[in-house]
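Participant: Below you will find the structure I want to go over with you.
Values quoted throughout were computed directly from the atomic coordinates according to the rules given, and no laboratory measurement underlies them. Remember, predicted model here, so these are calculated numbers, not experimental data. Ideal geometry is used to build each Cβ from the backbone, glycine not excepted, and the neighbour counts take in all protein chains shown.
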Amino acid sequence: MYQYILRRVLIFIPMLFLISVLLFTLVQLAPGDAFTGQLDPNQDARYYEEMRERFGLDKSPVEQYLMWGKNFLQGELGISFRHKLPVSELIGDRIGNTIFLGICAYILTYTLAIPLGIFSAQRPYSKWDYTLTGAAFVGISMPSFFAGLLLIFLFSFTLDWFPFSGTVTAGAGLGGMEAFIDKLHHVILPAITLSIINIAQYTRFTRSSVLAAKQQDFVRTAYAKGVPASVVLRKHVLRNALLPLVTLFGLDMGILLSGAVITETIFSWPGIGQLLVEAIINRDYPIMMAVTMLASFFVLLGNLVADILYAVVDPRIRYE
Amino acid sequence: MNRLTEMTALLHIRNLKTYFFGDDGTVPAVDGIDFSIGKGETLALVGESGCGKSLTSLSVMGLVPGTGRIVEGEVLLEGENLVEKTEEELSRIRGNEISMIFQEPMTSLNPVLTVGEQIMEGLLLHQRLSRQAARERAVQMLKLVGFPRAEAIMDEYPHQLSGGMRQRAMIAMAVACNPRLLIADEPTTALDVTIQAQILDLMRDVKEKLSTSILLITHDLGVVAEMAERVVVMYAGKVVEEAEVQDLFDQPAHPYTEGLIRSVPSLDEEKERLYSIEGNVPSPDRLPKGCPFAPRCSEAWEKCLQKEPELMEIGHGRRVRCFLYDPEEGGSR
Ligand SMILES: Nc1ncnc2c1ncn2[C@@H]1O[C@H](COP(=O)(O)OP(=O)(O)OP(=O)(O)O)[C@@H](O)[C@H]1O
Ligand code: SF4
Ligand SMILES: [Mg+2]
């Protein structure tokens with residue numbers, strides 16, 4: 001098992017390398033650079049020449065890539081063209097927000113989807129089941145920007161229950177528990193927006209998985225042994241039905257940590273997703289490279305965690 | 001209730017009817033079954049696929065699937081009617097007094113629980129043993145069913161065992177609480193021939209040691225000859241014949257039973273083409289008028305198409321459902 005993990009982690013290296021090459025090529029293919037959009041007739045054209053030189057933009061693409069690679073390997077992520085600050089500092093300031101939002105979305109997804117799915121599966125084709133099925137289809141087919149705007153309209157503008165931007169109330173100067181509650185208050189709408197599709201999908205998934213498991217022969221065996229229905233559900237049906245969710249748990253981790261680009265943008269949530277969008281608009285490629293590399297790493301890690309978790313919970317899976 | 005009186009019988013099934021209530025009508029899948037199983041007896045229930053064998057056994061267990069329901073009749077376990085029991089009362093009987101093993105050893109065990117855990121589950125439920133005591137008993141059961149390294153098997157998962165080993169584990173699980181009746185629904189059908197023989201030997205052995213009665217469901221008459229003392233033949237949800245095993249093979253009474261016996265391949269008749277009864281079992285929702293076997297029966301005459309025969313006693317503890325044995329209806333046997 002440990003050997004397997006080690007091998008998988010080693011494969012990260014060539015994969016991340018390929019991703020970086022691909023990414024760098026895409027950045028280069030886009031016309032113009034970070035200073036094209038900033039042209040200010042009052043500025044001396046010489047100033048841009050100097051800036052391009054300072055950031056190495058006058059070199060050939062290969063040279064630029066090698067320079068970036070060398071710095072990256074030394075943990076040097078470069079300086080943002082726009083913010084004129086080290087990229088590591090910019091990411092450091094925002095990654096906490098992204099992780100917090102991701103965890104909240106995670107908790108919402110699993111604490112709602114699994115019980116709702118089981119509830120549905122326990123009374124298939126009933127009024128409740130149909131209602132939840134309908135709701136899930138609405139959830140699945142709603143794009144997250146639309147869900148976000150709808151939530152803002154309903155719960156911020158109309159009802160004024162929740163704030164619609166930022167992570168804290170500006171200038172409130174709260175501390176301790178109050179600050180945390182304030183943060184939760186801010187995260188609710190973005191977290192719902194981020195998890196709504198997953199909640200809908202996992203409710204459906206749990207429902208069909210539980211229904212299928214109930215038809216299995218070993219469930220009949222359990223009843224034939226005299227196991228009461230509630231224990232059959234918990235010990236035999238759910239244990240088998242929820243196994244595949246563990247895989248999704250790992251995959252989601254990668255995706256949630258790599259930054260919710262749309263949600264963070266809608267709610268002006270200062271995370272790495274929002275940072276990335278801003279960097280793309282500004283052609284701020286040190287940020288683009290760093291955030292994308294980080295996101296790729298998280299996705300790879302999430303995949304690995306998914307595979308490991310699956311082996312932990314399912315005795316039939318063994319890795320050599 | 002011919003030879004078995006209420007006193008010696010363990011289980012009486014009386015006029016049991018289990019119907020399915022689907023969207024397109026009622027399906028009488030088990031339609032008025034009567035038979036009894038004596039203490040320590042092995043009774044075989046035979047018949048072609050779809051005649052209601054499994055459903056009869058699931059009705060005894062109170063585990064009728066889907067839209068099915070027991071609509072009439074009694075299942076008496078030493079005088080107690082199981083049909084009237086609540087789900088809670090039944091769960092105390094299942095696995096404890098009556099237990100069951102199934103055809104598919106591959107899928108009948110829970111893939112994510114160890115074999116030991118699954119054998120101990122029933123013991124912990126019914127006998128209120130400590131985990132330690134339950135484990136010891138489970139190991140003992142695994143040894144009984146022929147696992148020399150029983151301790152190791154306890155911690156293995158079903159996928160680590162072969163089909164034959166899984167069926168042994170199923171048997172260990174089923175008899176762990178020393179039930180009075182063991183229902184085995186095609187316990188060897190899914191296994192290789194050599195493994196089949198081993199499992200049958202094992203069942204005989206376990207029956208001797210624990211003096212359990214067995215209801216053996218099969219469509220393999222070879223298995224019947226080897227295992228059973230008495231045979232009940234089912235056709236289209238009804239009992240059509242009941243006899244001692246020797247009598248049944250020597251002189252089958254019902255034309256359907258004759259057909260079944262003739263269709264068993266035998267070694268010295270190799271050259272002859274294998275006989276099989278023409279036609280198929282009618283589906284229980286489309287039964288013909290009169291004797292349900294009439295469309296396939298070479299002995300049938302007009303009578304058989306008009307009216308359904310009753311199950312009648314023909315002496316020597318035998319019962320048969322056929323007009324041939326009813327002189328009043330023009331029967332000639
Ligand atoms: N879940 C169900 N829903 C509806 N009808 C069913 C169901 N299970 C069984 N039946 C009906 O009951 C009849 C008897 O089924 P049963 O499983 O008892 O047959 P069997 O004699 O055990 O056959 P086999 O040898 O194939 O196991 C079937 O023909 C079918 O019409
Ligand atoms: S009653 Fe008639 S059709 Fe039915 S089995 Fe007897 S002879 Fe054949
Ligand atoms: Mg069957």
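Participant: Can you tell me, using C-alpha contacts under 8 Å and at least 6 residues apart, the relative contact order of the range B:108-178 as a whole percent?
Facilitator: Relative contact order of the range B:108-178: 46 percent.
Participant: Right, something else. Per-residue Cβ counts within 10 Å, from other chains only, averaged over A:226-234: what number is that?
Facilitator: Going residue by residue through A:226-234 and averaging, the value is 4.
Participant: With r as the distance between the Cβ atoms of A:E89 and B:S263 and R0 = 56 Å, compute the FRET efficiency 1/(1 + (r/R0)^6) and round to 0.05.
Facilitator: Calculated value: 0.10.
Participant: Only bridges whose two residues both fall in the protein assembly as shown count here: according to DSSP, what percent of them are antiparallel, nearest 5?
Facilitator: 60 percent
Participant: What fraction, in whole percent, of alpha-carbon pairs in the range A:239-286 exceed 12 Å separation?
Facilitator: Counting pairs separated by more than 12 Å, the tail of P(r) holds 66 percent.
Participant: Hey, if you drop one equal point scatterer on each alpha-carbon of the range B:108-178 and run the Debye formula without solvent, what base-10 log of I(q)/I(0) do you get at q = 0.26 Å⁻¹?
Facilitator: -1.21
Participant: With a length cut of 24 Å (Cα positions projected on each helix's long axis) and a Kyte-Doolittle mean of at least -0.5, go through chain B and give me the DSSP H helices that pass.
Facilitator: B:193-210
Participant: Using only the alpha-carbon atoms, what does chain B span along each of its principal axes? Please give whole angstrom values in decreasing order.
Facilitator: On the principal axes, chain B reaches 67, 51, 42 Å in Cα extent.
Participant: Could you work out the relative contact order of chain A, using alpha carbon pairs under 8 angstrom and six or more residues apart, expressed as a whole percent?
Facilitator: Averaging sequence separation for qualifying contacts and normalising by length gives 26 percent for chain A.
Participant: Dipole magnitude of chain A about its Cα centre, charges +1 at Lys/Arg Cβ and -1 at Asp/Glu Cβ only, in debye to the nearest 20?
Facilitator: Magnitude of the dipole: close to 1840 debye.
Participant: Further question on the same structure: Can you pull the Rg over Rh of the range A:87-167, Cα-only, Kirkwood?
Facilitator: 1.10
Participant: Need one number: convex hull volume per residue for the protein assembly as shown, Cα atoms only, in Å³.
Facilitator: Taking only Cα atoms, the protein assembly as shown has a hull volume of 248 Å³ per residue.
Participant: Moving to a separate point now. In terms of Cα to Cα distance under 21 Å, which lysines are near enough to A:K84, apart from those fewer than 8 places away along the same chain?
Facilitator: The qualifying lysines are A:K59, A:K70.
Participant: Here's another thing I want to ask about it. Rounded to whole Å and sorted largest first, what semi-axes of the equivalent ellipsoid does the C-alpha gyration tensor of the range A:143-281 yield via the square root of 5 times each eigenvalue?
Facilitator: 41, 18, 14
Participant: Using a Cα-Cα cut-off of under 15 Å, which aspartates and glutamates could be cross-linked to B:K17, ignoring same-chain neighbours fewer than 8 residues away?
Facilitator: B:D31, B:D34, B:E72, B:E74, B:E84, B:D285
Participant: Something else about it: From the gyration tensor of the Cα coordinates in the range A:10-159, what semi-axes in whole Å does the equivalent ellipsoid have, largest first, with each one equal to sqrt(5λ)?
Facilitator: After diagonalising the Cα gyration tensor, the semi-axes are 47, 22, 15 Å.
Participant: Could you work out the relative contact order of chain B, using alpha carbon pairs under 8 angstrom and six or more residues apart, expressed as a whole percent?
Facilitator: Computed value for chain B: 19 percent relative contact order.
Participant: Here is a follow-up. Per residue of A:212-223, what is the mean number of Cβ atoms on other protein chains within 10 angstrom of that residue's Cβ?
Facilitator: 6
Participant: For the range B:50-144, I need the span (max minus min coordinate) of the C-alpha atoms along each principal axis, in Å, sorted largest to smallest.
Facilitator: 43, 30, 23
Participant: For the range A:268-320 and the range A:78-120, what is the separation of their C-alpha centers, rounded to whole Å?
Facilitator: 11 Å
Participant: A further question on this structure: Cα-based Rg (one decimal) and Dmax (whole number) for chain A, in Å?
Facilitator: Here Rg and the maximum Cα pair distance are 24.2, 87 Å.
Participant: If r is the Cβ-Cβ distance from A:M293 to A:T158 and R0 is 35 Å, what FRET efficiency results, to the nearest 0.05?
Facilitator: 0.25
Participant: State log₁₀ I(q)/I(0) for the range B:204-333 at q = 0.11, 0.17, 0.20 Å⁻¹ as given by the Debye formula over alpha-carbon point scatterers of equal weight, solvent excluded.
Facilitator: Result of the Debye calculation: -0.44, -0.98, -1.24.
Participant: Taking the Cα atoms only, what angle lies between the long axis of helix A:45-54 and the longest principal axis of chain A, rounded to 10 degrees?
Facilitator: In chain A, helix A:45-54 runs at an angle near 60 degrees to the longest axis.
Participant: Say R0 is 35 Å: what FRET efficiency, to the nearest 0.05, do B:N280 and B:T86 get from their beta-carbon distance?
Facilitator: It comes out at approximately 0.35.
Participant: Show the residues, 5+ positions off or on another chain, whose built amide H is closer than 5 Å to the amide H of A:S80.
Facilitator: For A:S80, the qualifying residues are A:L85, A:V87.
Participant: Take A:Y130 and B:S332, extend 7 Å from each Cα along the Cα→Cβ direction, and tell me the distance between the two endpoints in nm.
Facilitator: For the pair A:Y130/B:S332, the computed spacing is 6.1 nm.
Participant: Helix-only estimate, please: 222 nm mean residue ellipticity of chain B, summing -39500 (n - 2.57) across DSSP H runs of length 4 or more and dividing by its residues, to the nearest 500.
Facilitator: So the helix-based figure for chain B works out to -9000 deg cm²/dmol.
Participant: On full extension of the chain, what length is gained from A:A170 through A:I281, given 0.36 nm per residue of separation minus the C-alpha to C-alpha distance?
Facilitator: Gain in length upon complete extension: 37.3 nm.
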